[in-house]
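Okay, structure first, notes after.
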Amino acid sequence: MAALLEVKDLKVSFFIHAGEVQAVRGVSFTLDKGESLAIVGESGCGKSVTAQTIMRLIPTPPGRIMDGSVNFAGQDLVNQPEKGMQRVRGKDISMIFQDPMTSLNPTMTVGNQIAEVVRLHQKVDAAQARERALEMLRLVGLPNPERCYSQYPHEFSGGMRQRAIIAMALSCEPKLLIADEPTTALDVTIQAQILELMKSMQSRLDTAIILITHDLGIVAGLCHRVLVMYAGRVVESGKVEDIYYRPQHPYTWGLLKSVPRLDAESKRRLVPILGQPPDLIKPPAGCAFAPRCNHAMRVCLEHEPPAFPVEDGHQASCWLLHPHTAGVGAAAGLEVIS
């Protein structure tokens, strides 16, 4: 059975005064119907640009898709004309953006904004669109949907606005939902409610989900697989269990060590990842994480590592996994791998 979404060797650059920023540098992954995929990493690693490219929402100029393909349900989205993408967006693929306040039109009531999406994609009359909007407001758990329908975004709290965005995104029952930092700026109680709501909607509608986040703590309860991105590339991928319990890339180790754990010893310190991400105007020749890695070897600085298979569906791009090494213990003795 073909995957719902297949991204192959995607490369996206932004051409600015200082030069070409290589924001996404050869990202590949697949997503099946009803599956949840998390894309995690630090700010600036290319997570949001990857998602916006799938939706063809990167500003052009300065952004440009340099290479690669995005195949969704048999459609080539990279070469799809804009009119074709307008039919896909909102109907087949929906997106929850980071800031719900700027994602809603302040001059329109919340209900009218949801109804507008329904009328655009489902070709129904105004009364049917209103009923569908009210149904979605009830579904996402907003109190008194009739009143909420007539209210403006500024009358909603942050959590209510995020629920309204989810209602809008799911109003046409899309095959794929992209959630870009859906819990940013929300307190932990509302975060838990939003994630539970997404999980419930996925179960009900069999929607595939891409969750973009820098917070590994919210991934485990929602997603099946994880992509770890760094400097525009996928450095490790696998099932949630693989990434959490058998991580293989030093960057993944660093992410996990910087997350508070309830089962950790009370006096255990969180360990930050020292240093800064590389300048993507001039990406390094070797592994982009090497300058920040405690296990870096000469080969890491000179040659970019390929993706080494670890086990079924789990792979990582790190020279420590090369069969000529013995892992971290042999790091100091390895200089060049041809």
Report task. May I ask for the Rg/Rh ratio of the stretch 1-97, computed from Cα atoms with Rh as the Kirkwood radius, given to two decimals? Result -> 0.95
Query - As computed over the stretch 13-56, the Cα convex hull volume per residue (Å³) - result: 84 Å³
Query raised in the report: Within the accessible area of the stretch 49-155, what % is carbon and sulfur when the probe is 1.4 Å and the other protein chains stay in place?
Result: 50 percent
Query raised in the report: So how do Lys91, Lys123 rank on accessible area, 1.4 Å probe, biggest first, that is with the largest at the start?
Result: Lys123, Lys91
Report task. Please work out the Cα center distance from the stretch 277-318 to the stretch 103-139, rounded to the nearest Å. Result -> 47 Å
Query raised in the report: Regarding the stretch 193-293, what is the average projected area of its C-alpha convex hull, in nm²?
Result: 8.2 nm²
Query raised in the report: Could you give the Stokes-Einstein D for the stretch 92-206 in µm² per second, using the C-alpha Kirkwood radius, 10 °C, 1.306 mPa s?
Result: 114 µm²/s
Query raised in the report: Mean shadow of the stretch 78-156, computed from the convex hull of its alpha carbons, in nm²?
Result: 6.0 nm²
Query raised in the report: Quick one: which of Lys47/Lys257; Lys8/Lys47; Lys11/Lys257; Lys47/Lys175 span more than 18 angstrom between C-alpha atoms?
Result: Lys47/Lys257; Lys11/Lys257; Lys47/Lys175
Query raised in the report: With springs only between Cα atoms under 10 Å, which of Leu321, Leu227, Leu211 fluctuates most in a Gaussian network model of the chain?
Result: Leu321
Query raised in the report: Tell me, what is the percent relative contact order of the chain, built from C-alpha pairs under 8 Å that lie six or more residues apart?
Result: 19 percent
Report task. Any chance you could get the radius of gyration and Dmax over the Cα atoms of the stretch 129-264, in Å? Result -> 17.0, 51
Query raised in the report: What does the charge count near Leu134 come to, summing +1 for each Lys or Arg and -1 for each Asp or Glu among other residues with Cβ under 15 Å from its Cβ?
Result: +1
Report summary line: Taking max minus min of the Cα coordinates of the chain on each principal axis, largest first, gives extents in Å of 72, 51, 44
**Report entry** Listed peptides 243-254, 55-66, 74-85 by packing density, highest first (mean Cβ within 10 Å)
**Finding:** 243-254, 55-66, 74-85
Requested in this report: Measure nothing fancy, just the Cα-based angle from helix 188-205's long axis to the longest principal axis of the chain, in degrees from 0 to 90, nearest 10.
Outcome: 80 degrees
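The values are calculated or read from the model by the stated rules, or taken from the named source; none is laboratory data. Here the structure is a predicted model, which is why all the values come from computation and not from measurement. Note: ideal-geometry Cβ built from the backbone for every residue, glycine included; neighbour counts use all protein chains shown. Areas reflect the complete protein model, heavy atoms only, side chains present, ligands, DNA and RNA absent. Shrake-Rupley method; radii C 1.70, N 1.55, O 1.52, S 1.80 Å.
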